[in-house]
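Below is one structure, written out as structure tokens; comments come after it.
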Amino acid sequence: MKGLFGILLLLGLLSVPLFVTRDSEGTTTLPRCAIIIVSDLGGYDDIELEKADQFHQYLIDEDYTEDDICFLTEGSRSGSDGAPTISNIESAFSWLQNTSESSSQPVVYISDHVIWALGNVTFRFSDGNITTSAINSWLNSTIYQELTFILGGNRSGLAGPELRGP
């Protein structure tokens with residue numbers, strides 16, 4: 001399963017440069033916005049933290065600024081905007097809704113522990129859970145041209161079929 005995740009992450013990374021559009025002076029013209037969330041349920045997983053750090057650095061290398069990225073992870077990590085609490089995650093998706101425009105191609109990366117509970121696929125965090133239907137609702141309220149959603153972590157494949165675009 002880790003090999004499959006690596007392939008999916010690589011494919012996601014390869015598609016991110018397509019989001020870069022520059023005018024004749026080299027200025028980025030697309031509104032940029034990315035959310036990276038690493039679950040803290042049961043403590044942070046070092047491998048998942050490293051993957052998220054690498055993805056964060058990749059976005060920076062692709063000319064995203066720290067203001068273009070909401071990075072919810074362990075507080076000591078470079079670029080961290082805070083812990084992945086339910087409140088911070090809700091704020092991140094609210095920021096995405098307010099930042100993204102019709103020409104935007106936002107990126108959402110979630111490394112999480114996913115469970116199937118009472119008929120709902122649920123992302124788990126140390127201070128609570130968020131259902132895929134809540135994330136769908138937030139994304140359906142967001143204007144964008146194209147969205148890249150990268151799932152990683154323990155049983156993250158459960159959430160894939162549940163997350164649908166508008």
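A short reminder: the numbers here are calculations on the coordinates, not readings from a lab. These numbers were taken from a predicted model, which means no experiment stands behind them. All Cβ positions, even for glycine, are placed from backbone atoms using ideal geometry, and neighbour counts span all protein chains on display.
By the count of other C-beta atoms within 10 Å, a proxy for reagent exposure, HIS113, HIS56 are ordered fewest to most as HIS113, HIS56. Listed from fewest to most Cβ neighbours within 10 Å, the set LEU72, LEU41 follows the order LEU41, LEU72.
Dividing the mean sequence gap of close Cα pairs (under 8 Å, 6+ apart) by how many residues the stretch 32-159 holds gives a relative contact order of 30 percent.
Footprinting exposure proxy ranking of ASP61, ASP45, ASP127, fewest other C-beta atoms within 10 angstrom first, gives ASP61, ASP127, ASP45.
Full extension of the chain between ASN136 and SER94 yields a length gain of 13.8 nm, computed as 0.36 nm times the residue separation minus the alpha carbon distance.
Approximating the spin labels as points 7 Å out from Cα along Cα→Cβ, the LEU118-to-ASP63 distance works out to 4.8 nm. Note on the stretch 32-159: the C-alpha convex hull projects to 7.2 nm² when averaged across all orientations.
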